[in-house]
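K.L.:
This is the structure I have questions about; it appears just below.
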Amino acid sequence: MDEARGDASDDWGWASAPDQSGETDQREWLARLDTSVVHPARRYNYWLGGKDNFEADRESGDATAAMFPSIRTAVVENRRFLRRAVTLLTEEAGIRQFLDIGTGLPSADNTHEVAQRLAPDARVVYVDNDPLVMVHARALLKRASDAGVTDYIEADLRDPDKILEQAARTLDFTQPVALMLVAILHFIPEEEDPYAIVARLIDALPSGSHLVISHGTGEWLSEEVIAASATGPAPIWFRSREQFALFFDGLDLLEPGIVSAAHWRAADEPHPRPSAQEISMYSAVARIP
């Protein structure tokens, strides 16, 4: 087994040594790791400069960077978009519940860190399907009792009913929830109907909830890059602006609407901003009426 560059350490901001009751789960999760298969969360971690990735993830990440040299800028800007969206929803919309699906491995300004800095009573449920992510989740849950409520679900976005059922342990679905689908939907091909998946999740949320999405687009990429992305390990299915807009059908888009992830409410970010072509990722936040 190719060892990860590091372990389940304090990237979440907390010590990671599991308590005795969690050791069995941690061994089980690690036993299910297939380090020979690329996982989007670990590849994303590599692009962000993280240490929790394997040789297959790094090789895939380097191959992508060779075709799309600004990929690291794109993932950094995507993380900044998440921070800005969570900040706005917590401060201005008064949201106190977040369902973050496809959260990936820890980095700076995770959803719970941003939300609970501003509102210590915020409740956050993370969802991911990578066993290594679950090892980090054990560290988070071990020390989260004094910093708001945080839970973690091992599940796949393709199973929204399971996600909703388990999230109900922590979230009150009679009160507004922010549904976070940040850089995850482009891993769902058209034949698996990502629009129906999102609609199922939205249907479970009350009025006043919000939908946050960022999504890769191929509108500025070559046909070669698009084809390679769809056929390589951890394939990506890019979507156009029109296709992206369908996820928000019937919802009330917040200003500035659908824009590059680098430009969504980014007035306070360092300037000049990267171009939409460099990022190749749309973003938007909408209120559920």
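The values are calculated or read from the model by the stated rules, or taken from the named source; none is laboratory data. The model shown is predicted, which means the values in this text are computed figures rather than measured ones. Cβ atoms come from the backbone with ideal geometry, glycine included; neighbour counts cover every protein chain shown.
K.L.:
Does region 210-221 include one or more residues that are among the β-branched types (Val, Ile, Thr) and assigned to a loop (DSSP other than H, G, I, E, B)?
P.N.:
Yes, that holds for at least one residue.
K.L.:
For residues in region 108-156 being more than 21 Å from residue 209 (Cα to Cα), of a type outside the set (A, V, I, L, M, F, W, C) and crowded, with 22+ Cβ neighbours inside 10 Å, which is modelled with the highest pLDDT? Full working, then the answer.
P.N.:
Within region 108-156, the first condition is being more than 21 Å from residue 209 (Cα to Cα), and the residues that meet it are 108-109, 128-147, 154-156.
Checking which are of a type outside the set (A, V, I, L, M, F, W, C) leaves us with 109, 128-131, 136, 138, 142-143, 145-146, 154, 156.
Cutting the leftovers down to crowded, with 22+ Cβ neighbours inside 10 Å gives us 128, 130, 136.
Values: 128: 87, 130: 76, 136: 70.
Top of the filtered list is 128.
K.L.:
Then there is this: Given (1) touching a residue at least 24 places away in the same chain (Cβ under 8 Å); (2) under 27 Å from residue 156 (Cβ atoms), identify the lone condition not met by residue 257.
P.N.:
Among (1) touching a residue at least 24 places away in the same chain (Cβ under 8 Å); (2) under 27 Å from residue 156 (Cβ atoms), the lone unmet condition for residue 257 is (2).
K.L.:
What about residue 56, is it surrounded by 13 or more Cβ atoms within 10 Å (Cβ to Cβ), assigned to a helix (DSSP H, G or I) and at pLDDT 50 or above?
P.N.:
Numbers: surrounded by 13 or more Cβ atoms within 10 Å (Cβ to Cβ): yes; assigned to a helix (DSSP H, G or I): yes; at pLDDT 50 or above: yes.
When the stated conditions are applied, residue 56 passes them.
K.L.:
Can I ask one more? Just give me the residues in region 228-242 being in a helix (DSSP H, G or I) and either at pLDDT below 90 or touching an Asp or Glu at 6+ places or on another chain (Cβ under 9 Å) (or both), in sequence order. Walk me through how you get there before you give the answer.
P.N.:
Pass one, region 228-242, residues in a helix (DSSP H, G or I): 228-231, 241-242.
Hits for region 228-242 are 228, 229, 230, 231, 241.
K.L.:
Identify, from the list 104, 50, the residue that is surrounded by fewer than 22 Cβ atoms within 10 Å (Cβ to Cβ) and either at pLDDT 95 or above or under 16 Å from the mean Cα position of the chain (by Cα) (or both).
P.N.:
So the residue among 104, 50 that is surrounded by fewer than 22 Cβ atoms within 10 Å (Cβ to Cβ) and either at pLDDT 95 or above or under 16 Å from the mean Cα position of the chain (by Cα) (or both) is 50.
K.L.:
Right, another one. Go through (1) more than 19 Å from residue 128 (Cβ to Cβ); (2) not in a helix (DSSP H, G or I) and name the single condition residue 66 misses.
P.N.:
The single condition residue 66 does not satisfy is (2).
K.L.:
Those residues that are surrounded by fewer than 18 Cβ atoms within 10 Å (Cβ to Cβ) and aromatic (Phe, Trp, Tyr), I need them from region 59-92; list them, please.
P.N.:
Listed by number, the list is empty, since nothing qualifies.
K.L.:
Also, quick follow-up: With the requirement that a residue be out of contact with any strand residue (DSSP E or B) (no Cβ under 7 Å at 6 or more places or on another chain), aliphatic (A, V, I, L, M), more than 23 Å from residue 130 (Cβ to Cβ) and at pLDDT 95 or above, what does region 172-223 give you?
P.N.:
196, 199, 204
K.L.:
Can you tell me which residues in region 30-40 are assigned to a helix (DSSP H, G or I) and either surrounded by fewer than 21 Cβ atoms within 10 Å (Cβ to Cβ) or modelled with pLDDT of 85 or more (or both)? Walk me through it before giving the result.
P.N.:
Our first condition is that a residue be assigned to a helix (DSSP H, G or I); within region 30-40, this holds for 30-31, 40.
The answer is 30, 31.
K.L.:
Output yes when any residue across region 236-257 is surrounded by 15 or more Cβ atoms within 10 Å (Cβ to Cβ) and at positive phi, and no when none is. Reasoning before the result, please.
P.N.:
Within region 236-257, the first condition is being surrounded by 15 or more Cβ atoms within 10 Å (Cβ to Cβ), and the residues that meet it are 236-239, 243-245, 247-248, 251, 254.
Restricting the remaining residues to those that are at positive phi gives none.
The answer is no; no qualifying residue exists.
K.L.:
I've got another one for you. Is it true that residue 167 is crowded, with 17+ Cβ neighbours inside 10 Å, hydrophobic (A, V, I, L, M, F, W, C), in contact with a Gly (Cβ under 6 Å, 6 or more places away or on another chain) and modelled with pLDDT of 95 or more? Explain how you work it out, then say what you get.
P.N.:
Values: crowded, with 17+ Cβ neighbours inside 10 Å: yes; hydrophobic (A, V, I, L, M, F, W, C): yes; in contact with a Gly (Cβ under 6 Å, 6 or more places away or on another chain): no; modelled with pLDDT of 95 or more: yes.
So residue 167 fails the test.
Residues checked against (1) within 18 Å of the chain's Cα centre (by Cα); (2) within 25 Å of residue 90 (Cβ to Cβ); (3) of a type outside the set (Val, Ile, Thr):
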residue: 208; (1), (2), (3): no, yes, yes
residue: 223; (1), (2), (3): no, no, yes
residue: 226; (1), (2), (3): no, no, no
residue: 229; (1), (2), (3): no, no, yes
residue: 246; (1), (2), (3): no, no, yes
residue: 251; (1), (2), (3): no, yes, yes
residue: 266; (1), (2), (3): no, yes, yes
residue: 272; (1), (2), (3): no, no, yes
residue: 279; (1), (2), (3): yes, yes, no
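K.L.:
Have a look at 270, 206 and point out the one that is farther than 30 Å from residue 165 by Cα and either of a type in the set (Asp, Glu) or assigned to a loop (DSSP other than H, G, I, E, B) (or both). Quick ask: steps written out before the conclusion?
P.N.:
Values: 206 fails: farther than 30 Å from residue 165 by Cα.
Within the list 270, 206, the selection yields 270.
K.L.:
Sticking with this one: Hey, can you tell me all the residues within region 57-89 that are in contact (Cβ under 8 Å) with a residue 40 or more places away in the chain and either of a type in the set (Asp, Glu) or more than 27 Å from residue 36 (Cβ to Cβ) (or both)?
P.N.:
Listed by number, the residues that qualify are 70, 73, 77, 80, 81, 82, 84, 85, 86, 88, 89.
K.L.:
What pairs come up if the first residue lies in region 216-233 and is under 13 Å from residue 65 (Cα atoms), the second is crowded, with 18+ Cβ neighbours inside 10 Å and among the β-branched types (Val, Ile, Thr), and their beta carbons are under 6 Å apart, counting only those six or more places apart or on different chains?
P.N.:
Close Cβ pairs satisfying both conditions: 229/236.
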